[in-house]
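*Asks:* Handing you this structure, nothing more for now.
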Amino acid sequence: MLKRFPSQLKDPSRRSVIRAVGFVLICLLIIVGMRVWAAILLHRNTNRQAIPIVKTVIAARGPMDNTIVLPGDIRAWHEAPIYARTSGYIKQWYVDIGDQVRAGTLLADIEAPELDAQLRQAEADLKVTIEQNKLAQSTAIRWVGLLTSDAVSKQETDEKVDAARALSARVIAARANRDKLRELVGFERITAPFEGTISARATDIGDLINAGSNTDEKPLFRLVQTDPLRVYVKIPQSYATRIAPNMQVDLHVPERPGRAYKARLVQTARAIDPKTRTLLAQFVVDNKKGQLLPGSYTDVYFKLPASDQTIRLPINTLLFRSEGLQVATLDEKNHVVLKSVSIRRDFGTEVEMSRGVHAGDRIIINPSDSITNGEQVRVWGDLKSAH
């Protein structure tokens, strides 16, 4: 017969102990769980704070009206230094700086007594040679007639004929010498080669003038034609292909603020200068009122069609590194992708890129110097481009 033992579980004191132990275990589990959860949250928060936060801008194409400003050099349509073609003394000058002259206008007279004397001698020599030639020609004709009747020898006749020919040649030479001296005497009158304005005078009455344009000799006058005017502009290679024939540009000169002068492209050098990487272009501008002065500086405003690939970015998106100029872009998972770029133009707060980025790219603003390819970042907000 089995013995029955009283159940210890029914002991009130033991039940209280079990309940207390269970409560303690539950509290311990709760505390441990909270500590684990806090550790997890701390780890997540630490990892999140370790990921840098960046702001980005969306790359966009530049404006369709692309205006560039280049320096220009205003030149006279024709410009000529006027030198003396014969030596002598300035007898009189008739024009001064600023005077308007026409082609052929007398500018100055040169007095050259030696040259005048040489001309008079050449004219006298020519007259003597002509008379001698007449005598030689008549003599030769007579001797040829006498030769037919055997009155003279053939040798003597040939001598007379050759003498007549020699004198004919001497007449030609004497006449050429006379004509040359006449031309030189004509150069004693200094005249304007074309219509224009006297821009410089470097002579006075009594000055000794040497013929020619040696480097030591200053020109007597400088003549410029001021209507129309030429404007020379050196166009960077990146814009050379967008220069169209007969295109119109605006000229702005510092002394006339707010005033624009229309100029037209007439021709280009059709070759890039290998030293400056520029294309020389020549424009023409009307100057009937004389408001533009040759030798002046001007700003030339070009309105060029913008390229479909032209992208503008804020200046604070650029990274200057040993590898070259770069920008930091983001892929779809917010990983950094460094791209090498080239600047076409600098607008101060913005730059126009010629390669490296495309419209729609997300570009990091003020990127850290230590940023690397593939680095994970968090985006604070995408800013739209100003364009």
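Laboratory data are not the source of any read-out in this text; all were calculated from the coordinates shown. Just so it is clear, the structure is predicted and the values come from calculations on it, not from any experiment. Methodologically, a virtual Cβ is constructed for each residue, glycine included, from the backbone with ideal geometry; neighbour enumeration extends over all protein chains shown.
*Asks:* Around Ala176, under 11 Å between beta carbons, what's the net of Lys plus Arg minus Asp minus Glu among the other residues?
*Replies:* Net local charge, Ala176 excluded: +3.
*Asks:* Which value, to two decimals, describes the C-alpha radius of gyration of region 82-191 once divided by 2.2 N^0.38 Å?
*Replies:* With N residues counted in region 82-191, Rg over 2.2 N^0.38 Å equals 1.74.
*Asks:* How far apart, in nm, are the 7 Å Cα→Cβ label points at Asn373 and Ile141?
*Replies:* Those two pseudo-labels are separated by 10.5 nm.
*Asks:* Right, another one. Excluding Phe194 itself, calculate the net charge of residues whose Cβ lies under 13 Å from the Cβ of Phe194, where each Lys or Arg counts +1 and each Asp or Glu counts -1.
*Replies:* Overall, the nearby charge balance is -1.
*Asks:* Which entries of Lys55/Lys333; Lys91/Lys180; Lys160/Lys180; Lys134/Lys154; Lys262/Lys289; Lys234/Lys289 show an alpha-carbon separation above 25 angstrom in the structure shown?
*Replies:* Numbers: Lys55/Lys333 15 Å; Lys91/Lys180 22 Å; Lys160/Lys180 30 Å; Lys134/Lys154 21 Å; Lys262/Lys289 14 Å; Lys234/Lys289 27 Å.
Among Lys55/Lys333; Lys91/Lys180; Lys160/Lys180; Lys134/Lys154; Lys262/Lys289; Lys234/Lys289, the Cα-Cα distance tops 25 Å for Lys160/Lys180; Lys234/Lys289.
*Asks:* Using r as the Cβ-Cβ distance of Ala359 and Trp37, and R0 as 51 Å, what FRET efficiency do you calculate, to the nearest 0.05?
*Replies:* On the way: r = 46 Å, r/R0 = 0.91.
The calculated FRET efficiency here is 0.65.
*Asks:* For the chain, modelled as a GNM with alpha-carbon contacts under 10 angstrom, which of Pro274, Pro245, Pro294 fluctuates the most?
*Replies:* The residue with the greatest mean-square fluctuation here is Pro274.
*Asks:* In addition: What residue among Gly206, Gly88, Gly145 has the largest mean-square fluctuation in a Gaussian network model of the chain, using Cα springs under 10 Å?
*Replies:* Its mean-square fluctuation being the largest, the pick is Gly145.
*Asks:* Please arrange Arg178, Arg189 by how many other C-beta atoms lie within 10 Å of their C-beta, fewest to most.
*Replies:* Fewest-to-most Cβ neighbours within 10 Å comes out as Arg189, Arg178.
*Asks:* Indicate the gyration tensor shape class of the chain (rounded, prolate or oblate), computed on the Cα atoms with a ≥ b ≥ c the square roots of the eigenvalues: a/c under 1.5 is rounded; otherwise a/b larger than b/c is prolate and the rest oblate.
*Replies:* Prolate, because a/c is 1.5 or more and a/b exceeds b/c.
*Asks:* Each residue of region 67-82 in turn: what ³J(HN,Hα) in whole Hz from Karplus with 6.51, -1.76, 1.60 and θ = phi - 60°, glycine and Pro shown as x?
*Replies:* Going residue by residue, I get 9, 10, 10, 10, x, x, 10, 7, 10, 5, 5, 10, 9, 9, x, 10 Hz, with x marking Gly and Pro.
*Asks:* If you don't mind, there's one more thing I want to ask. In which sequence would Met353, Met34 go, from the one with the fewest C-beta neighbours within 10 Å to the one with the most?
*Replies:* So the residues, fewest neighbours to most, are Met34, Met353.
*Asks:* Between Ile51, Ile209, Ile74, which gets the highest mean-square fluctuation from a Gaussian network model of the chain, Cα cutoff 10 Å?
*Replies:* Fluctuation is largest for Ile51.
*Asks:* Give me the net charge for the shell around Ala166: Cβ to Cβ below 13 angstrom, other residues only, Lys and Arg +1, Asp and Glu -1.
*Replies:* 0
*Asks:* Mind giving me the FRET efficiency for Leu29 and Ile51? R0 is 25 Å, r the Cβ-Cβ distance, nearest 0.05 is fine.
*Replies:* Computed FRET efficiency for Leu29 and Ile51 comes out at 0.15.
*Asks:* Further question on the same structure: Length gain on complete extension for the stretch Ile172 to Ile205, per 0.36 nm per residue less the alpha carbon to alpha carbon distance?
*Replies:* 8.1 nm
*Asks:* Kindly put Glu188, Glu195 in sequence by how many other C-beta atoms sit within 10 Å of each C-beta, fewest to most.
*Replies:* The most exposed by this proxy come first: Glu195, Glu188.
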